[in-house]
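Undergrad: First the structure, which I've put down as structure tokens, then a few questions once you've had a look.
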Amino acid sequence: MRLGSAARVCALCALAPLAVARPGSGGTSLPEGTKVLKDLAYVSGGHERQKLDLYLPPSGARWPLVAAIHGGAWRMGSKEGEPAGAFVARGFAVAAVNYRLSQDAVFPAQIEDAKAAVRWLRANAARYGYDPDRIASYGTSAGGHLAALLGTTGDVNGFDVGENPGVSSRVQAVVDFFGPTDFLQMDAHRLSPQAMPHDAPDSPESQLVGAPIRDHADRVARANPITYVTRDDPPFLIVHGDADALVPHHQSELLEAALRKAGVRVRLVTIPGGPHGGETVKAGLPAALDFLVEVLHLDGPRR
């Protein structure tokens, strides 16, 4: 049985919110005294989705910053569901980022927004107290795709549009939970024929690029994180469950192999029996936190 368009999108989007906990939790409540700043516009007078929330630790300063990008098939989801508490408890500031969805604008709007958010965050670091030289991208599913794109397109100028043009959108580390990396290879590695078809003209990937992916390899290549891999990409941690019925585990294998071939530091953590969603995030989040502590040179929780 083939899933229809609405069922297809709902299947992916219904699981994506499970991949993150409610605001400020992620299995760890926000530490007492955490400063929360909501709905900060990273594009002046921009779209209603071009906003972010900041979570600042209750003590210390010059914290590393995690830019957390939500999932939802590029069609749904919200910054409200990012696990800020887990990061703040380990001494990180967090920016939970919204971006324009595929029904608002097709690719590259989503990566343009993610880069605009990073530029804004870097330009405003002195105001809010985090370290502009230690910014990591984190995301799940569609958010993992965008987090990975931030990592691989640090040397690509074409996606940096709009405000703060002289400010870098590079990130210093990437945590990618089960994000798509090479759209045209997804269906060949589905767990079963009944799994959601990504090649369909109305699949989330086709809706993202604004056309059937099988008919527009050029648009797909432009949206694939793997396209831009170079040796100067930042360290990557990739987490994926081997029972993921929506984004095949092979997608992460491809990205890991490309990064390793280029000489980039990368680790793929496979969660045995891990599905697409919250169970895999719960299992992989400790490794993600330890990775960020090491790469961004944070010595542990700050009280």
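The values are calculated or read from the model by the stated rules, or taken from the named source; none is laboratory data. Model, not experiment: these values are computed from the prediction. Every residue, glycine as well, gets a Cβ built from its backbone with ideal geometry; the counts of neighbours run over all protein chains shown. The area values use the complete protein model at the heavy-atom level, side chains included, leaving out ligands, DNA and RNA. Shrake-Rupley method; radii C 1.70, N 1.55, O 1.52, S 1.80 Å.
Undergrad: So for the chain, what are the equivalent ellipsoid semi-axes in whole Å, largest first, each being the square root of 5 times an eigenvalue of the Cα gyration tensor?
TA: 28, 20, 18
Undergrad: A follow-up question, please. Add +1 for every Lys or Arg and -1 for every Asp or Glu among the other residues with Cβ under 13 Å from the Cβ of Gly284, and state the total.
TA: Residues close to Gly284 contribute a combined charge of -3.
Undergrad: Can you give the extra length, in nm with one decimal, that the chain gains between Asn157 and Glu294 once fully stretched, where that is 0.36 nm per residue apart less the Cα-Cα distance?
TA: Contour length minus the Cα-Cα distance gives 46.5 nm.
Undergrad: How charged is the neighbourhood of Pro275? Take every other residue with its Cβ under 12 Å from the Cβ of Pro275, and add Lys/Arg as +1 and Asp/Glu as -1.
TA: Around Pro275, the surrounding residues sum to -2.
Undergrad: Once you keep just the Cα pairs under 8 angstrom separated by 6 or more residues, what percentage relative contact order results for the stretch 160-273?
TA: 32 percent
Undergrad: Gly241's amide H: which non-local residues (gap 5+, or another chain) put their own amide H closer than 5 Å, with H modeled 1.01 Å from N in plane and none for Pro or chain starts?
TA: The answer is Ile271.
Undergrad: Below 10 angstrom from the Cβ of Gln172, what's the summed charge of the other residues (Lys, Arg +1; Asp, Glu -1)?
TA: 0
Undergrad: Also: Leaving out ligands and nucleic acids, note down the accessible area per residue over the chain with a 1.4 angstrom probe, in whole Å².
TA: 38 Å²
Undergrad: Please report, for the Cα atoms of the stretch 111-184, the Rg to one decimal and the Dmax as a whole number; what are they, in angstrom?
TA: Just the Cα atoms of the stretch 111-184 yield Rg and Dmax of 12.2, 43 Å.
Undergrad: Per DSSP H run of at least 4 residues, take -39500 (n - 2.57); add these up for the chain, divide by its residues and hand me the 222 nm value, nearest 500 deg cm²/dmol.
TA: Helices in the chain give a 222 nm mean residue ellipticity of -9000 deg cm²/dmol.
Undergrad: I need the calculated FRET efficiency for the pair Arg231 and Leu191, taking r as the beta carbon distance and R₀ as 22 Å, to the nearest 0.05.
TA: 0.10
Undergrad: Continuing with this model, one more query. For a quick check, take a GNM of the chain with Cα springs below 10 Å and name the residue from Ala93, Ala142, Ala195 with the largest mean-square fluctuation.
TA: Ala195
Undergrad: For the stretch 258-268, take each phi angle, set θ = phi - 60°, evaluate the Karplus expression 6.51 cos²θ - 1.76 cosθ + 1.60, and give the result in whole Hz per residue in order, putting x for glycine and proline.
TA: 5, 5, 4, 4, 7, x, 8, 5, 8, 9, 9
Undergrad: Right, here's the next one. Restricting attention to the stretch 150-245, which trypsin sites (Lys or Arg not before Pro) occupy a DSSP loop and are surrounded by at most 10 other Cβ atoms within 10 Å?
TA: Those that pass, being in a loop and sparsely packed, are Arg231.
Undergrad: Give the accessible area for Lys35 in Å² (nearest 10); use a 1.4 Å probe, count only protein heavy atoms, and leave out ligands, DNA and RNA.
TA: For Lys35, the solvent-accessible surface is approximately 110 Å².
Undergrad: May I ask you to give the percent of accessible area on the chain that is carbon plus sulfur, with a probe radius of 1.4 Å?
TA: Carbon and sulfur together cover 52 percent of it.
Undergrad: Kindly provide the Kirkwood hydrodynamic radius of the stretch 216-303 in Å, to one decimal, from all pairs of distinct alpha carbon atoms.
TA: Result for the stretch 216-303 stands at 14.4 Å.
Undergrad: Could I ask something else about it? Can you give the % of DSSP beta bridges in the chain that are antiparallel, to the nearest 5?
TA: DSSP beta bridges in the chain are roughly 25 percent antiparallel.
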